[in-house]
Amino acid sequence: MNASDSRCLADRIKSHALTLGFQLCGVTTPDSPGHLLEYQTWLDDGLHADMSYMASPRAREMRADPRALFPACKSILVLAANYFQGDSGSSEASAQAGRVARYAWGRDYHEVLISRLKDLIAFVEVAAGRPVQHRLYTDTGPVLEREMAQRAGLGWIGKNTMLINPDIGSWTLLAEAMLDLELPSDEPFVPDLCGSCTRCIDACPTDAILLEPRRVDSGSCISYLTIEHRGTLPVERRADLKDWIFGCDVCQEVCPWNQRFAHSQEDSDFAPRSPLPNPKYLELLDLSQAEFSTVFRGTALKRAKRVGLLRNAAVALGNASESADAVSALERILRSDPDAVVRAHAAWALAQCDGDTVQSMLRAALEIEVDQAVLAEIETALEARTSFMGSE
Ligand code: SF4
Ligand code: SF4
């Protein structure tokens with residue numbers, strides 16, 4: 001194929017991608033990432049927290065060289081889908097309901113985007129006139145996808161580490177198709193349009209955004225804590241979660257590029273699916289494992305598993321600490337939830353709530369609890385409660 005045919009093929013593929021529900025599409029090479037050293041330093045500094053799979057020698061090798069992942073790769077299509085739904089569902093929770101990151105309001109984006117990528121590959125094969133070997137990713141493999149998107153001309157990586165496009169902002173999900181097909185690369189997006197802005201850094205509830213080099217400390221980030229972190233949440237971070245029960249959008253909500261240029265996309269795959277976008281705490285705390293699986297089937301929330309979502313809901317309810325219903329729901333799960341992590345966070349949350357009966361509830365739970373970690377949480381909660389009452 002000559003250069004002109006190749007350019008024409010790339011243009012047809014990009015046009016077709018737009019008909020499949022992607023808003024941006026560019027092409028880059030499978031060369032080593034320019035930000036590799038920064039990424040490796042991020043790992044070496046332990047800022048990936050407990051995501052040890054990212055730091056394995058094999059994962060490092062593949063992120064360092066896309067051809068280690070797919071030796072036949074000749075070019076990479078990088079695509080972005082806008083999931084912004086405006087305020088069709090409220091992004092503001094109340095004292096009764098939690099907040100969920102916007103990308104998770106609808107169908108699980110892994111399923112949505114991989115399906116769209118498969119449709120795109122079918123088109124590529126017809127257009128190229130031959131079978132095309134490929135590998136498809138959307139946050140699913142050891143690829144530095146924001147770096148690839150920047151190299152393919154889709155936008156720049158902001159101080160909040162999100163890929164920002166000057167026309168549509170950062171409410172996008174990225175997907176990549178590695179191909180054994182030579183396509184002409186797009187020009188990288190060079191300018192850094194953050195300028196002197198520091199809104200995301202100033203607004204981050206946990207000071208998780210670091211500068212020079214710009215990166216996020218996962219161990220402090222609410223998104224990591226509520227989704228990826230397994231087991232007990234660090235005590236010093238629980239109040240910071242406020243009403244976030246799955247992810248966090250603060251550093252994107254405050255970004256002027258989103259405030260000015262984000263536009264709502266009619267896309268039924270990303271439209272909120274009940275009980276999203278704001279599941280009620282009391283309903284969440286009532287879910288059995290089977291009910292959790294049914295309610296959140298096909299959404300990204302299953303990533304947190306029942307234990308993670310109920311843990312987060314208990315903490316958020318403790319942060320809201322307003323209603324008598326909250327106290328009785330927390331007492332119920334403290335006494336009877338099958339998962340020790342959920343019971344432990346119910347103890348903490350109960351201690352944050354108003355009410356004369358809280359201390360006696362904690363003492364009663366102390367009598368029946370058998371798990372050492374939960375017992376320790378109850379004792380700490382009782383101490384906190386006692387000193388709180390003493391200071392009144
Ligand atoms: Fe901070 Fe939330 Fe952004 Fe994480 S997702 S860096 S906690 S604002
Ligand atoms: Fe860049 Fe400001 Fe957006 Fe942060 S809020 S990513 S500094 S433009």
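Observations on the model:
- Checking each residue in the range 1-52 for being farther than 27 Å from TYR224 by Cβ, under 25 Å from the mean Cα position of the chain (by Cα) and surrounded by fewer than 18 Cβ atoms within 10 Å (Cβ to Cβ) picks out LEU18, LEU20.
- Checking MET162 against (1) farther than 18 Å from ALA80 by Cβ; (2) within 10 Å of ligand 1 (Cβ to nearest atom); (3) among the aliphatic types (A, V, I, L, M), the condition it does not meet: (1)
Okay, residues lined up against (1) within 12 Å of ligand 1 (Cβ to nearest atom); (2) farther than 26 Å from LEU37 by Cβ:
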position	(1), (2)
GLU125	no, yes
ASP139	no, no
LEU144	no, no
ALA177	no, yes
ILE209	yes, no
GLY219	yes, no
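- Filter result for ILE157 (in contact with a Phe, Trp or Tyr (Cβ under 6 Å, 6 or more places away or on another chain) and within 16 Å of ligand 1 (Cβ to nearest atom)): no
- In the condition set (1) closer than 29 Å to GLN23 by Cα; (2) away from ligand 2 (no atom under 16 Å from the Cβ); (3) in contact with a strand residue (DSSP E or B) (Cβ under 9 Å, 6 or more places away or on another chain), TRP257 is compliant with all but (2).
- Some residue of the range 352-374 being β-branched (Val, Ile, Thr) and in contact (Cβ under 8 Å) with a residue 40 or more places away in the chain: no
- Residue within the range 141-150 that is aliphatic (A, V, I, L, M), under 18 Å from ASP31 (Cα atoms) and out of contact with any helix residue (DSSP H, G or I) (no Cβ under 9 Å at 6 or more places or on another chain) present: yes
- Residues (away from ligand 1 (no atom under 12 Å from the Cβ) and in contact with a Cys (Cβ under 9 Å, 6 or more places away or on another chain)) located in the range 233-256: PRO256
- Filter result for the condition that a residue is farther than 29 Å from ASP167 by Cα and not aromatic (Phe, Trp, Tyr), over ALA104, ALA128: ALA128
- Number of residues in the range 4-27 that are among the acidic types (Asp, Glu) and at pLDDT below 95: the value is 1.
- Qualifying residue in the range 172-192 (condition: touching a helix residue (DSSP H, G or I) at 6+ places or on another chain (Cβ under 7 Å), of a type in the set (Val, Ile, Thr), within 16 Å of ligand 2 (Cβ to nearest atom) and touching a residue at least 60 places away in the same chain (Cβ under 8 Å)): no
- Restricting attention to the range 36-56, the residues being without any contact (Cβ under 8 Å) to a residue 24 or more places away in the chain and charged (D, E, K, R) number 2.
- Out of SER32, SER6, SER15, one residue alone is part of a loop (DSSP other than H, G, I, E, B) and of a type in the set (S, T, N, Q). It is SER32.
- Within the range 199-219, the set of residues being away from ligand 2 (no atom under 12 Å from the Cβ), in contact with a helix residue (DSSP H, G or I) (Cβ under 7 Å, 6 or more places away or on another chain) and more than 17 Å from ARG146 (Cα to Cα) comprises PRO205, THR206, ASP207, ALA208.
- When the range 305-320 is filtered for residues that are within 20 Å of the chain's Cα centre (by Cα), of a type outside the set (Val, Ile, Thr) and surrounded by fewer than 24 Cβ atoms within 10 Å (Cβ to Cβ), the ones remaining, listed by number, are LYS305, ARG306.
- Flag set for SER196, criterion: in a loop (DSSP other than H, G, I, E, B), of a type in the set (S, T, N, Q), within 13 Å of ligand 2 (Cβ to nearest atom) and more than 16 Å from the chain's Cα centre (by Cα).
The values are calculated or read from the model by the stated rules, or taken from the named source; none is laboratory data. Note that the structure is a prediction, hence the values are computed from the model and not measured. All Cβ positions, even for glycine, are placed from backbone atoms using ideal geometry, and neighbour counts span all protein chains on display.
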